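Colleague: Sharing a structure, written as structure tokens. Questions coming.
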Amino acid sequence: MNIFKYKHEYVLVYFKDGKHKVASPKLTFKEAHEQRKLLWDINPLGLLPTVVEVTDAQRCFHCEKMFDNEIVYEVKSQTTPLYEVYCLNCAEAKAIDFYDAKRQVCIS
């Protein structure tokens, strides 16, 4: 029996004043956390990036707007066993529970 493992990709993202900046190429989970630790070792009091998963979703589930290098939110569907990905505006409008949502970044 073959077991295929989906390769998740992550990037380091800086968040400041409601904006974000991707600060690394696509990395594995382990590589992203190792780089974050290196940044902490160099400057423990500085602004640290957040490790964010890269999504392959291309458009918002609600408004169908195409994503363009933005932060998106993935939530489990209420009606199907699938996941839905929303842009920030639709996520706020639908009042999704951000605690249960998975924050991701779309990199075009």
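The values are calculated or read from the model by the stated rules, or taken from the named source; none is laboratory data. Since the structure is predicted, the reported quantities are computational estimates derived from the model, not experimental observations. Neighbour counts run over all protein chains shown; Cβ positions are idealised from the backbone, glycine included. Just the protein is used for accessible areas: all its heavy atoms, side chains included, with ligands, DNA and RNA removed. Shrake-Rupley method; radii C 1.70, N 1.55, O 1.52, S 1.80 Å.
Colleague: Pick out the one residue from ASN89, ASN69 that is on the phi > 0 side of the Ramachandran plot and not aromatic (Phe, Trp, Tyr).
Modeller: Exactly one residue qualifies, and that residue is ASN69.
Colleague: So, in region 51-108, how many residues would count as being at pLDDT below 85, of a type outside the set (A, V, I, L, M, F, W, C) and within 12 Å of the chain's Cα centre (by Cα)?
Modeller: 0
Colleague: Does ALA95 fit the bill of being open to solvent by less than 90 Å² (accessible area, probe 1.4 Å), in contact (Cβ under 8 Å) with a residue 40 or more places away in the chain and in a loop (DSSP other than H, G, I, E, B)?
Modeller: no
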